[in-house]
Every structure is written in structure tokens, then in C-alpha cells.
1. Evaluate the following for Ile221: is it more than 16 Å from ligand 1 (Cβ to nearest atom) and in a strand (DSSP E or B)?
2. Could you grab me the full set of residues in region 378-404 that are touching a residue at least 40 places away in the same chain (Cβ under 8 Å), more than 14 Å from ligand 2 (Cβ to nearest atom) and assigned to a helix (DSSP H, G or I)?
3. Which condition number does Gly83 fail, the rest of (1) assigned to a strand (DSSP E or B); (2) surrounded by fewer than 17 Cβ atoms within 10 Å (Cβ to Cβ); (3) in contact with a Lys or Arg (Cβ under 8 Å, 6 or more places away or on another chain) being met?
4. Just one of the numbered conditions (1) more than 29 Å from Leu278 (Cα to Cα); (2) surrounded by 19 or more Cβ atoms within 10 Å (Cβ to Cβ); (3) more than 15 Å from ligand 1 (Cβ to nearest atom) is not true of Arg385; which one?
5. When region 26-64 is examined, which residues are found to be away from ligand 1 (no atom under 15 Å from the Cβ) and among the hydroxyl-bearing types (Ser, Thr, Tyr)?
6. Whether any residue in region 320-334 is under 19 Å from the mean Cα position of the chain (by Cα) and crowded, with 16+ Cβ neighbours inside 10 Å is what I want to check.
7. Against the condition more than 16 Å from ligand 2 (Cβ to nearest atom) and over 30 Å from Leu276 (Cβ atoms), how does Ser311 come out, does it pass?
8. Just to confirm my filter: which strands (runs of 3 or more DSSP E) fall fully inside region 4-65 and include at least 2 residues that are in contact with a helix residue (DSSP H, G or I) (Cβ under 7 Å, 6 or more places away or on another chain)?
Amino acid sequence: MSRAAVELDGIWKRFPGVIANAGASLTVRPGTVHAVLGVNGAGKTTLMNCLAGVYLPDEGAIRIGGQEVRFSSPADALAAGIGMVHQEFRLVPTFTVAENVVLGAAPRVLDMAAVNREVAALAERFGFDADPERPVWQLSMGERQRVEILKALWRDAKVLILDEPTAVLTPQEAVELGAVLRRMVDEGRAVIFISHKLDEVTSFCDEATVLRGGKTVASSIAISDVDAGQLAELMVGSSSAATPISPRVGVPGDVMLAVADLTVTDSRGLTAVDALSLEVRSGEIVGIAGVAGNGQRSLTDAIAGLELVDSGSVTINGSDVTTAGTRQRVDAGLAYIPEDRLGVGLAPKLPVTHNAVMRGYRDMRQGPMLSWERAKSFCNDLIDRFEVKVGRIDDPMASLSGGNLQRLLLGRELSSDPSVVVASQPTRGLDVAGVGAIQSLLVSQRDEGTGVLMISEDLDELLALADRILVMSEGRIVGEFDPRAASRAEIGEAMMGAHA
Ligand SMILES: Nc1ncnc2c1ncn2[C@@H]1O[C@H](COP(=O)(O)OP(=O)(O)O)[C@@H](O)[C@H]1O
Ligand SMILES: [Mg+2]
């Protein structure tokens, strides 16, 4: 057997009140894509942060090519050939692609034309399509991720860690990423691929290590020896009861959300939403299916008051809010679960308490001041009711795992009895348990009479949850389907732009 590219041996990492890694181990061979699997909170990100020099483990050894190392910073790890692409990107939006790639790794004076050429050549070598001169703020999430990967390759990383890279990608982009990873390992590098999408793991990866509760429960299993079901069982243990999804009872009530003839131009000057109309009634879940990038984000942002509207109207619970501010929309009964949880919905650096009360702080005043007593008890109540796992309520929001962030966000939004919930990709990036929890929250909200508009790229999720499915393509609704009667093929065809 060839020598390991990376070996993590008996890693312990504790945070106040939480043991994130409890003796975890991982061995990755060069020339392989190695999956690290585990439900939210299993300790995957923490273990990778130990390898990438972000944290110093409390105990345990890290060996690179057989040599024990001790990193005190990410720069140390990079110098030893370990590069990591974090879940939240760390790029400078106003810099170009090439400037971001070389930032921190180049002399002060640069021949930018030469750098642009070299970055373009590097991108081409790995089969990326990247324009070195475009500013990063103009790029999609998928394109930004490529810049992060180029950054690591520019520094000649021998081991590339990708923390849930496909959570921000469309299914098509995910397939393309799989091909890029294959090229990297063909050159002898090792890739550590964190995901809980088992179909990706079985199609992109060579081996897998599974973490549960901070421990390694299976090491370096050959993917060819297992199926997705066995991997899922290792991740969740044997008690994996999937939440049954109950169909709607009774008939939908009044219109809670009406979007009429809405047209929105996005920041690139393109028509993102094109004279679109839809209605969501009390007691129904309306699903919007479609490949990301077909205007879904502009639609939900326009409903929430985060994006300007060219023409048309948005009505919430009978009041026209087309030109209203975000606060007035909340008062009219809107709850919004944005796609970008840590960008729009939550403040990553502020404590959990602040995030919990961001919406309802006006009800927690004592005179002109916020009552901290009330804020804390509100926060603790949310944590209990929505089963949010937190170290301490004073910890920064960003320390929570994805599923717990989403539970807190949804709990906060639902606690004010909204008449309509707009949820954008609410389960994306969550593990099996997190997906089930969020889905059943949305279903019970519907059963209590709220209208739910749910945007998802996961057609199976919409088929299981939605009472009606609308298909969005190129800014328009191109079809409406009854999930109990329609076939996946029919809906898929509409998604691909086969306009009726
Ligand atoms: N900086 C931190 N401070 C406190 N707790 C943390 C921190 N980072 C992670 N945790 C906790 O450690 C556990 C493991 O988290 P993480 O490594 O992010 O898991 P995963 O990536 O598998 O979802 C979780 O309970 C999480 O809340
Ligand atoms: Mg993680």
C-alpha cells in the first residue's frame, strides 16, 4: 500500500460545552478522492479545520507523508501542501478573479497581465471556465468556488479539502466539479470531499470515512464495496426513522401571497423575473421547481423587499407591499427563509441571542431599551422548542452547524405566527436528520393554516411536500403540476425549458 498523503490519528477537539472531535482518525491516500461523511454536527468541519491549521487539536497526531506536523496557522498548513475551501468563501468581492487567486501569495509589485495569463492557464489545465479579469462580486456561487479552488492550486496544494462544496452548486455544476476533482487526483493530489449527498459520494469518490458524534465509525471504505444505503446507515446509526410526510387535509383558504405580473431586473441588468404571477393560499404548500439561476432568487428577494421591482405587484395577506420596506412586509405577515442563511438571514459574528431576537425585538423592550432578561428567555425557549444544538447562547452564530443554524432561523421566523412563509432551498446542505426536521416544521406550519412558498432544486422533496408544483424557467412559470398525478419526467422536461 502506498504511503498516506495525510493521516489524522486520535484527534480530540473540545469547545466550551461541546466535544467536536473525540479521537477521530482519517487516512487519505494520494491519487484518491476521499469522502468524509457524517450528519450535521458529526465533527467533519472541525476535523478539517485541525488539518488545515485553523485549530490546533487538543490531542492527537497529524502526519503528512509519514512526518508528524504541528500547524499553528492556515499558512503553515498551506506551506505543507494542505489547502482548504471553506463553506463560507473568503474572497474579496471587489477584486478580480486573478487578484483573489494570487492575494497573499505574490510579491508586492505584479505584472497583472502576466498573472492573468497564468491564472487563465491554470484554470484551463483543470477544465475550469474562469475569466481572470472579472470582479468576484459579479460571479455566481459556483464560479466563486472555482476561484477558491484555483487559490489552493496556485499555491500548489497537494491535498485539497472541500467542505460541502456542492451545497452551493446546481446539480449540473456538481457534476462538473466531480470531473475537476478527478483531474486533480489524476495528477497525484489527494482530495478530501465533504458531503452528505450520497449519490455524489458514490459517483465522485474512491473511498469514504464516516464520522459520528466526533468519532470515526468507518475508515477508508472502498466506495465500490458499499451502496448508498449502507453509507446512510453508518452516518445516522441504525435508528434512522425518516419523517413521514403528511398530505394536506381540507381545502386551501384565502390568498396569503399574490404576485402579479412581476418583472425584476437583476444586478447584471438582465431580466431575472419576467411578468410572473402566482398565488399561495392559506393551508397549502406551493413548490417552485427549477434549476437554480432561473430567477428564483430575484423572485424571493423581491417578495421579501430585498430587490427592487420594475413592474407588477406583491400582495401579502391583502395589503399591497410592492414598494414597502422589509419591516412592513414582516408586519403584514411574511416570514422569509433566504437561500443565503449567513448572509441575509443571520449575523454570523453576533451571539446566538442577538440572532434569535432580531425579528421580535420590539416585543422585548422595557421602555426604550431591549430587556436582556426577556431576550435570553426568548432565545432559550426557541432553542428548546426547535431543538437547536448550541454550546452557549453567547457563542457567535457561525459556530453552529448548518442544520442548527437553519432550525434557529426557521424557529425565529415561525415564532411570530406568519400568514405566509417563503422558504428558499430550506434544506440544502443539511443532513438527513436536519432535512426531516425542517420539512416537518414547514408541514406543521401549513397544517396550522399558513401559506408556504417553497423553492427547491430537489424535485423529490417537492414531490413529497408540495400540494402544487410550479416550474420556473427563465424567469417565468412554465408549468403547474399536481404532485400526486405528475411524473418526474414531465416536470423535469418543463424544468429544462420545454415551454408548453
Ligand atoms: N468554534 C466552535 N465553537 C463551539 N462549538 C463549535 C465550534 N465549531 C463547531 N462546534 C460544535 O462542534 C460540533 C461539531 O461541529 P462541526 O465540526 O461543524 O460538525 P459538521 O461539520 O460535521 O457539521 C457541533 O456540535 C458544533 O456546534
Ligand atoms: Mg460542517
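1. Working: more than 16 Å from ligand 1 (Cβ to nearest atom): yes; in a strand (DSSP E or B): yes.
So Ile221 passes the test.
2. At the first step, the residues of region 378-404 found to be touching a residue at least 40 places away in the same chain (Cβ under 8 Å) are 386-387, 389, 391-404.
Next, only the ones that are more than 14 Å from ligand 2 (Cβ to nearest atom) stay: 386-387, 391-397.
Listed by number, the list holds a single entry, Met397.
3. It is condition (2) that Gly83 fails.
4. (2)
5. Once the filter is applied, which keeps residues that are away from ligand 1 (no atom under 15 Å from the Cβ) and among the hydroxyl-bearing types (Ser, Thr, Tyr), region 26-64 yields Thr27, Thr32.
6. Taking region 320-334 and keeping what is under 19 Å from the mean Cα position of the chain (by Cα), we get none.
Scanning region 320-334, I find no residue that is under 19 Å from the mean Cα position of the chain (by Cα) and crowded, with 16+ Cβ neighbours inside 10 Å, so the answer is no.
7. Values: more than 16 Å from ligand 2 (Cβ to nearest atom): yes; over 30 Å from Leu276 (Cβ atoms): no.
Criteria not met by Ser311.
8. Working: elements: 6-15, 18-28, 33-37, 59-64.
Of the strands (runs of 3 or more DSSP E) lying wholly inside region 4-65, those with at least 2 residues that are in contact with a helix residue (DSSP H, G or I) (Cβ under 7 Å, 6 or more places away or on another chain) span 6-15, 18-28, 33-37.
No lab work stands behind these numbers, since they all come straight from the coordinates. Quick caveat: nothing in here was measured; it's all calculated off a predicted structure. All Cβ positions, even for glycine, are placed from backbone atoms using ideal geometry, and neighbour counts span all protein chains on display.
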